[in-house]
1. Limited to segment 22-36, what total is found for residues that are buried (at least 19 other Cβ atoms within 10 Å of the Cβ) and within 16 Å of ligand 1 (Cβ to nearest atom)?
2. Could you tell me whether GLY41 is within 16 Å of ligand 1 (Cβ to nearest atom), of a type in the set (Gly, Ala, Ser) and on the phi > 0 side of the Ramachandran plot?
3. Which condition number does PHE4 fail, the rest of (1) of a type in the set (Phe, Trp, Tyr); (2) more than 25 Å from ALA156 (Cβ to Cβ); (3) within 16 Å of ligand 1 (Cβ to nearest atom) being met?
4. Evaluate the following for PHE134: is it among the aromatic types (Phe, Trp, Tyr), closer than 21 Å to ARG73 by Cβ and in contact (Cβ under 8 Å) with a residue 12 or more places away in the chain?
5. Since SER191 meets every condition but one in (1) within 17 Å of LEU130 (Cβ to Cβ); (2) away from ligand 1 (no atom under 14 Å from the Cβ), which condition does it not meet?
6. Residue under question is ILE19, and the condition is that it be in contact (Cβ under 8 Å) with a residue 40 or more places away in the chain and either surrounded by 15 or more Cβ atoms within 10 Å (Cβ to Cβ) or out of contact with any Asp or Glu (no Cβ under 6 Å at 6 or more places or on another chain) (or both); does it hold?
7. Here is a list of conditions, (1) modelled with pLDDT under 95; (2) surrounded by fewer than 12 Cβ atoms within 10 Å (Cβ to Cβ); (3) farther than 14 Å from ILE10 by Cα; (4) not aromatic (Phe, Trp, Tyr), and ASP194 meets all of them except one; can you say which number that is?
8. Select from segment 88-122 the residues that are surrounded by fewer than 17 Cβ atoms within 10 Å (Cβ to Cβ) and touching a Leu at 6+ places or on another chain (Cβ under 9 Å) and write down the one among them that is farthest from TYR210 (Cα to Cα).
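The values are calculated or read from the model by the stated rules, or taken from the named source; none is laboratory data. It should be emphasised that the depicted structure is a prediction, and the values quoted were computed from it without experimental measurement. Backbone-built Cβ (ideal geometry, glycine too); neighbour counts: all protein chains shown.
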Amino acid sequence: MGQFITFEGIEGSGKTTQIRMAGKYLKRHHIPFLITSEPGGTPLGRKIRKILLNRDSYGICAEAEVLLFSAARVQHVRDVISPALSEGKTVLCDRFSDSTLVYQGLGRGLDHDFIKGLNDFTSAGLKPDLTIVFDLPIEIGLRRAMERMRLAVSAAPDRFEGEDLEFHRKIREGYLLLAKQEPERFRIIDSAKDVISINREVCSYLKGIYARKT
Ligand SMILES: Nc1ncnc2c1ncn2[C@@H]1O[C@H](COP(=O)(O)OP(=O)(O)O)[C@@H](O)[C@H]1O
Ligand SMILES: [Mg+2]
């Protein structure tokens with residue numbers, strides 16, 4: 001089985017930037033890997049992602065939201081993540097079940113144990129070997145996300161980026177709480193630092209996980 005590594009953190013914390021750089025590190029070391037993301041990662045997931053992130057006029061209640069994310073996840077685990085791990089590949093995943101726990105649990109206020117059960121169901125018992133949380137003050141993260149949006153074609157915040165500061169604060173605190181509960185799985189990186197320093201830290205954690213395996 002390959003290593004399953006998830007990248008978590010608030011909007012604009014640098015997950016996508018760092019996952020790409022981590023991929024380059026694995027490539028340099030001739031470690032077979034796959035980079036994927038949630039929601040997305042499969043054709044079904046990409047359709048669901050559009051529904052979830054678009055700020056259309058119709059409502060999506062918290063209960064519907066968690067089930068949509070879950071539908072995307074179960075397909076992703078079955079079709080992409082599990083097969084790659086079985087082939088011995090390292091899977092780098094941009095968001096996974098911890099996102100559901102913090103966004104739909106703490107953020108939307110759904111029952112924590114219910115989401116845990118749902119996560120177990122959708123991930124078929126699959127747990128990340130390592131989860132890196134990119135932690136930074138929400139104001140910096142949101143500023144970066146806004147700047148990224150300004151540079152991109154679609155210049156409108158998605159449903160989550162458009163939430164108020166209190167929501168994002170809860171998400172940040174939620175990740176720190178999860179990390180405290182499972183210190184052996186989580187690593188927290190101060191993401192207010194520059195891209196290269198953060199990458200160095202990510203690589204040291206990757207190195208650690210391969211050293212642990214052998
Ligand atoms: N350490 C950093 N310092 C400054 N800007 C950064 C840093 N990491 C990423 N960025 C920039 O911030 C924006 C958000 O980064 P991104 O990787 O897309 O975050 P996420 O995927 O977590 O939402 C991008 O425009 C990116 O270039
Ligand atoms: Mg991203």
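1. Here the count works out to 2.
2. yes
3. Status for PHE4: all satisfied but (3).
4. Answer is yes for this residue.
5. If we test SER191 against (1) within 17 Å of LEU130 (Cβ to Cβ); (2) away from ligand 1 (no atom under 14 Å from the Cβ), just (2) comes out false.
6. yes
7. (1)
8. It comes out as HIS112.
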